[in-house]
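Engineer: First the structure, which I've put down as structure tokens, then a few questions once you've had a look.
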Amino acid sequence: MRLPTFKAPYLPHMVLFISLCAISLVSLNSGLASAEESDKPKLTILIGVDQFRASYLPDYNQMFTGGFRRMIDQGLWYKKGIVDHAPAESLPGHTTLSTGSNPKRHGITSNSWIAGSATGEDEQIKATVPHVDYDNPILGSAGSIGYSGHNIDISTIADWFRAADPNAKAVALSVTPLAVMYGGRPLPTTSENHVYWLGGNGRFETSTYYRDEYPGWLDAFNQEMAGKYLDKLVWEDTVPVKFHELAREDDVPYEHNGIHTAFPHRADDESDRTGDSLKNWWLGRFSPYQNNALFDLAKESVSQLKLGQRQSADFLSLAIKLTDRVGHDYGPNSREQLDVIHRLDILLGDFMTFLDTAVGEGNYVIALSADHGAPNITEYEQANGRQSVRVTSSDIENSLSTVENLIRNYQGPRHDLPGLIAAQLEREPFVYKAMTSADMQDPSIEDPTILAYRNAYRADRVRTYPLWTQANMYGQRPSRYHPSVFGVTVDFAYQANIWTARSTHGGAHMYDREVPILFYGNGVAHGTPAATAYTRDIAPTLAKISGVVFPNTIDGRVLDLR
């Protein structure tokens with residue numbers, strides 16, 4: 001196990017974490033100091049649903065009978081939920097949920113980045129994927145590439161709970177390594193670190209950043225994966241027929257690969273893999289049973305670790321990925337996404353019923369939101385006479401080639417280059433706005449798009465998306481003439497989707513940034529406030545309800561849930 005406290009590269013992070021905990025001690029709200037222990041929830045739960053548009057709840061409201069029904073009818077629903085940063089991508093969005101801060105502060109500015117103004121003679125630059133950890137492999141798989149939250153610059157809500165009470169437990173679960181964006185810094189006692197995600201081997205795993213060995217109860221859970229989840233290789237539509245009209249028709253050529261576009265979906269139609277390889281891939285890709293496995297693991301965590309059943313207030317997070325997988329390939333408003341959300345409603349309701357018994361109704365609080373939304377599929381929009389554009393890899397390659405020629409032929413001072421690059425990019429019909437580092441730092445600019453990007457922009461962590469091509473390996477090996485090298489970032493045109501998927505998010509348009517924000521349980525009144533709430537507000541609000549102090553330096557505010 002390699003802990004950040006023992007390694008010089010991690011030392012600044014740990015010092016910062018300790019400092020933030022100290023700040024927390026003086027930022028306690030006076031209303032919290034007098035709260036009775038019995039009035040606080042014993043278990044606080046944060047659920048981040050990847051690519052979950054704000055429109056899903058009102059559009060599918062009549063279908064809900066489970067957890068969404070309960071949260072809508074008995075909880076607090078901020079219909080005007082906003083991701084107040086761009087790019088609206090997964091890693092920055094989930095980290096904002098867990099830290100209560102904008103990406104500029106927490107450090108996860110995009111799904112991948114390079115250092116702006118990078119120099120050198122190499123024709124290609126290696127981008128950083130912020131949760132990939134080359135120093136800490138997957139536990140039990142020497143030489144593998146691991147994952148951790150080592151690039152998060154500030155404390156998370158999991159850290160706040162454990163700083164408030166050394167006996168508190170914090171658990172982070174997902175079917176992808178998104179769990180690391182919620183898990184906080186590892187404790188020196190490695191058996192107390194519980195950050196797990198579904199690996200490519202069909203088992204829930206972690207990295208050596210967090211633990212030295214797997215707990216016995218997780219090994220036992222993994223032993224049952226085959227019969228319960230891995231062997232289920234057909235995805236059937238479970239939505240009652242009367243609700244099919246809530247989505248578009250099932251069999252349309254612009255979904256997925258243009259071939260397997262209608263129910264039922266079979267694993268062996270989607271891949272040439274066989275045996276365990278096929279099962280493991282399918283469970284992590286499109287199998288709806290990945291969410292069954294996730295919620296069952298959440299139940300097992302509550303039972304085995306006695307979450308919410310001790311004197312301490314505990315924290316549990318779930319990051320749900322299937323909505324993003326399906327959203328990218330089948331798009332919003334598809335029958336596939338409708339089924340995923342229908343199943344999620346049932347699973348959420350079942351989990352809440354479990355909590356009523358295991359923890360006690362009224363002894364827990366849940367917040368549910370999303371990291372981002374998504375645009376509609378281009379071909380669907382065009383078929384209905386609406387504005388949208390499909391941007392091919394060749395379109396982007398041609399644009400980057402023009403930029404490269406500009407740079408190679410330019411003879412003036414380097415500091416003028418970013419503005420010239422931005423102006424050239426804005427000549428492209430698929431580019432809405434190109435922004436420079438100077439734009440991000442100019443307080444006189446109040447353009448809404450630039451303001452959103454400003455909340456996530458750092459000159460040392462400039463994103464390469466959406467200027468991805470096959471040649472630059474999805475932005476992971478950009479040329480040294482790539483605009484991001486000069487600190488330039490791009491927002492594509494309205495309803496533009498790039499070649500990498502049927503629906504691609506990642507900009508500042510509101511369809512990417514409008515998400516639901518729901519609270520339910522202890523300390524939460526029923527209602528639908530008219531006010532706007534931001535995803536950065538969720539963590540401090542949960543902390544206040546739970547009587548947990550948090551840093552006074554974060555960007556989020558405490559929402560009124562009464």
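Values quoted throughout were computed directly from the atomic coordinates according to the rules given, and no laboratory measurement underlies them. On a predicted model such as this, the values are computed, not experimentally measured, just so you know. Using ideal geometry, Cβ is built from the backbone for each residue, glycine included, and neighbour counts are taken over all protein chains shown.
Engineer: Along the charge dipole of the chain, Cβ charges K/R +1 and D/E -1, which of Ala86, Asn257, Asn151 sits furthest on the positive end?
Structural biologist: Among Ala86, Asn257, Asn151, the one farthest towards the positive end of the dipole of the chain is Asn151.
Engineer: About its Cα centre, what dipole magnitude does the range 388-498 give when the only charges are +1 on Lys and Arg Cβ and -1 on Asp and Glu Cβ, stated in debye to the nearest 20?
Structural biologist: 380
Engineer: State, to one decimal in nm, how far the label point of Asp73 lies from the label point of Gln124, with both points 7 Å from Cα in the Cβ direction.
Structural biologist: Going from the Asp73 label point to the Gln124 one covers 5.5 nm.
Engineer: Also, I was wondering about something else. Give, as a single signed number, the net charge of other residues whose beta carbon lies under 10 Å from the beta carbon of Met440, with Lys and Arg counted +1 and Asp and Glu -1.
Structural biologist: Taking every Cβ under 10 Å from that of Met440, the sum is +1.
Engineer: Hey, another quick one. Using the Kirkwood radius over Cα pairs, work out the Stokes-Einstein diffusion coefficient for the range 152-308 at 4 °C and 1.567 mPa s, in µm²/s as a whole number.
Structural biologist: 73
Engineer: Toward the positive end of the charge dipole of the chain, about the Cα centre and with charges on Cβ (Lys, Arg +1; Asp, Glu -1), which of Ala220, Ser287, Pro58 goes farthest?
Structural biologist: Among Ala220, Ser287, Pro58, the one farthest towards the positive end of the dipole of the chain is Ala220.
Engineer: Pull up the DSSP beta bridges for the range 388-498 and report the antiparallel fraction as a percent, rounded to 5.
Structural biologist: Given both bridge residues lie in the range 388-498, the antiparallel proportion sits at roughly 60 percent.
Engineer: At q = 0.11, 0.16, 0.19, 0.23 Å⁻¹, what log₁₀ I(q)/I(0) does a Debye calculation on the Cα points of the range 388-498 give, no solvent, two decimals?
Structural biologist: -0.32, -0.70, -1.00, -1.43
Engineer: Hey, can you rank 333-340, 395-402, 178-185, 534-541 by average C-beta count inside 10 Å, highest first?
Structural biologist: Listed from highest to lowest mean packing, they are 178-185, 534-541, 333-340, 395-402.
Engineer: Another question, then. Please list, or write none, the aspartates and glutamates whose alpha carbon is within less than 20 Å of the alpha carbon of Lys80, excluding same-chain residues fewer than 8 places away.
Structural biologist: Cross-link targets: Asp50, Asp59, Glu89, Asp371, Asp512, Glu514, Asp537, Asp555, Asp560.
Engineer: DSSP beta bridges in the chain, what fraction antiparallel, as a percent rounded to 5?
Structural biologist: 45
Engineer: On to the next question. Give the Cα extents of the range 138-187 along the principal axes, in whole Å, largest first.
Structural biologist: 36, 22, 19
Engineer: Net charge near Ala383, counting Lys/Arg +1 and Asp/Glu -1 over other residues with Cβ under 13 Å of its Cβ?
Structural biologist: -1
Engineer: While we're here: Among the listed pairs Lys299/Lys321; Lys228/Lys299; Lys104/Lys169, which are separated by more than 24 Å between their Cα atoms?
Structural biologist: Lys104/Lys169
Engineer: For the range 210-346, with only Lys/Arg (+1) and Asp/Glu (-1) charged at the beta-carbon, what is the dipole magnitude about the Cα centre, in debye rounded to 20?
Structural biologist: With Lys and Arg at +1 and Asp and Glu at -1, about 500 debye.
Engineer: Of the labelled options (i) 69, 55, 52; (ii) 80, 74, 39; (iii) 75, 70, 51, which one gives Cα extents along the principal axes in Å as computed for this structure?
Structural biologist: (i)
Engineer: Figure the gain on full extension for Leu451 and Ala531 (residue separation times 0.36 nm, minus the Cα-Cα span) and round it to one decimal in nm.
Structural biologist: 26.8 nm
Engineer: Under 15 Å Cα-Cα from Lys433, which aspartates and glutamates qualify once same-chain neighbours fewer than 8 residues away are excluded?
Structural biologist: Once the sequence-local aspartates and glutamates are set aside, what remains near Lys433 is Glu446, Asp447, Asp491.
Engineer: Hey, can you rank 129-140, 159-170 by average C-beta count inside 10 Å, highest first?
Structural biologist: Going by the mean number of other Cβ atoms within 10 Å, highest first, we get 159-170, 129-140.
Engineer: With a 10 Å radius around each residue's Cβ, average the other Cβ atoms per peptide and rank 255-263, 433-441, highest first.
Structural biologist: Ranked by mean Cβ neighbours within 10 Å, highest first: 433-441, 255-263.
Engineer: Something else now. Which net charge results for the neighbourhood of Phe430, defined as the other residues with beta-carbon distances under 15 angstrom from its beta-carbon, given Lys and Arg at +1 and Asp and Glu at -1?
Structural biologist: Neighbour charge sum, excluding Phe430 itself: -3.
Engineer: What 222 nm value per residue comes from the helices of the chain, counting each DSSP H run with n ≥ 4 as -39,500 (n - 2.57) and dividing by all residues, nearest 500 deg cm²/dmol?
Structural biologist: For the chain, the value works out to -9000 deg cm²/dmol.
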